[in-house]
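These notes are about the structure you will find just below.
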Amino acid sequence: SAAVNYLNQPRTIYSAGDGNRKPGPAILVTGVSNVGFAANLPQSRRNRSYEISTDMTWEHSTGSSKFGGAFRYFPFHAYMDLYTRSQFQFTGGIFTGHPFANLLLGLPTNALRLDGNTIRDFVTWTGSAYSQHERRLTSRLAVNAGIRYDYQSPYQESLGLAANFEIGRAHV
């Protein structure tokens, strides 16, 4: 059998007003609801998956045997603009001792802002194979035994903008 799946999951920022206004930073105040939009928006992901699989069953006088396998290919496109609009956090531990007072005075406990390209195109593939045997000992008793192997390749980014940590593989 063969299958193709597709998922498109954008998360955008809805701004109030005329639509020309740029969304501001995220403001977190301890003990009060957050002001502004989430610090990780906008973001998007598009997944596709392609799968080919097959299996076979062989019935014989003392039981049955099953064999099968599958191959799946997963391209994955994503971006997440984490902290690109900034995030300011106001807590009570510094300055006045009151988070809301710190907000009114414009004295954040910490501020974050990141810049750069967050678009990534990942790809991975998986392969699996199995074998299972059932032996009927009597009309009311059967024994099953099987083995399965699954492998998933490490994710790779098409432009080399991300890396995987591999234990025991040091580059000097």
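Worth a mention:
- Test result for GLY69, open to solvent by less than 90 Å² (accessible area, probe 1.4 Å), over 23 Å from the mean Cα position of the chain (by Cα), within 30 Å of GLY31 (Cβ to Cβ) and not hydrophobic (A, V, I, L, M, F, W, C): no
- Residue match in the range 31-39 (condition: open to solvent by 60 Å² or more (accessible area, probe 1.4 Å), over 22 Å from GLN9 (Cα atoms), at pLDDT below 95 and hydroxyl-bearing (Ser, Thr, Tyr)): yes
- Test for THR57: is it loosely packed, with under 15 Cβ neighbours inside 10 Å, of a type in the set (Ser, Thr, Tyr), in contact with a Lys or Arg (Cβ under 7 Å, 6 or more places away or on another chain) and in contact (Cβ under 8 Å) with a residue 40 or more places away in the chain: no
- Of residues in the range 40-54 being at pLDDT 95 or above and farther than 19 Å from VAL123 by Cα, the one least open to solvent (accessible area, probe 1.4 Å): SER53
- PHE95 open to solvent by 60 Å² or more (accessible area, probe 1.4 Å) and without any contact (Cβ under 8 Å) to a residue 60 or more places away in the chain: yes
- The range 123-147 - residue that is surrounded by 13 or more Cβ atoms within 10 Å (Cβ to Cβ) and among the polar types (S, T, N, Q) and, of those, nearest to THR62 (Cα to Cα): GLN132
- Note on the range 113-122: residues that are surrounded by fewer than 15 Cβ atoms within 10 Å (Cβ to Cβ) and part of a strand (DSSP E or B) amount to 0.
- Each residue in the range 32-65 was checked for being of a type in the set (A, V, I, L, M, F, W, C), within 25 Å of the chain's Cα centre (by Cα) and within 24 Å of THR84 (Cα to Cα), and 4 of them qualify.
The values are calculated or read from the model by the stated rules, or taken from the named source; none is laboratory data. Owing to the predicted nature of the structure, the values given are computational and were not obtained by experimental measurement. Note that each Cβ is placed from the backbone with ideal geometry, even for glycine, and that neighbours are counted across all protein chains shown. Only protein heavy atoms, including side chains, enter the accessible area calculation; ligands, DNA and RNA are left aside. Shrake-Rupley method; radii C 1.70, N 1.55, O 1.52, S 1.80 Å.
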